[in-house]
Amino acid sequence: MTGLLGGAFDPPHLGHVALLRDARAHFGFDRVAVLVVADPGHKHVGTPPETRLDLARAAFPGEDVELDPHARTVETLRARWFDDPVFLIGADQFADFLSWTEPDEVLELARLGVATRPGFSRGRLEDVLAQLAHPERVEFFDIEPFEIASSAIRDRVARGEPIFELVPEPVAAEIERLGLYRGSGGHR
């Protein structure tokens, strides 16, 4: 079984690390692939893909971290073969899953591991689940809440505020070394 964690990782933070840790404990993956999306189709990313790849490698030492040239999850799953893939997402992403490109095809190609945290409306998740052709391919697992977004980290760096409690130490060191996110809007 292969756990897949995809994203822009601009930058990767402790919430990403905790999600992967808790998913590994829940599913017992044989392998994990962290997929850094080179050009996400759903948002603008100002940091070069290779830099985000280096940050993800710093955040996930010992994991298979690679650049994903596909903008959409369904494209990645069609282009690659993974052994019994479980694509990992947070509950907030699952609440918007029906807006993804070909969500039912995603579930044909992989199972979804959905990280839920206390306080998130289970009703919203059940509504999405009820509209899927293969709801049995979705498995929920609990994670400790970690309320932080990569955009907030970029903003903190731009304001000169510390981020040591939000990102793994090697990621903070790389951000500092490279002078990332110092310009306006959190990108340089």
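Every read-out reported here was derived from the displayed coordinates using simple, explicitly stated rules and does not represent laboratory data. Since this is a predicted model, take the numbers as computed values, not measurements. No Cβ is skipped: glycine too gets one built from the backbone with ideal geometry, and neighbour counts run over all protein chains shown.
Key figures
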| item | result |
| --- | --- |
| Least to most buried among PHE164, PHE82, PHE29 (fewest other Cβ within 10 Å first) | PHE164, PHE82, PHE29 |
| Mean Cβ count within 10 Å, highest first, over the residues of peptides 31-38, 139-146 | 31-38, 139-146 |
| Cα centre as origin, Lys/Arg/Asp/Glu Cβ charges: the chain dipole, Debye | 520 debye |
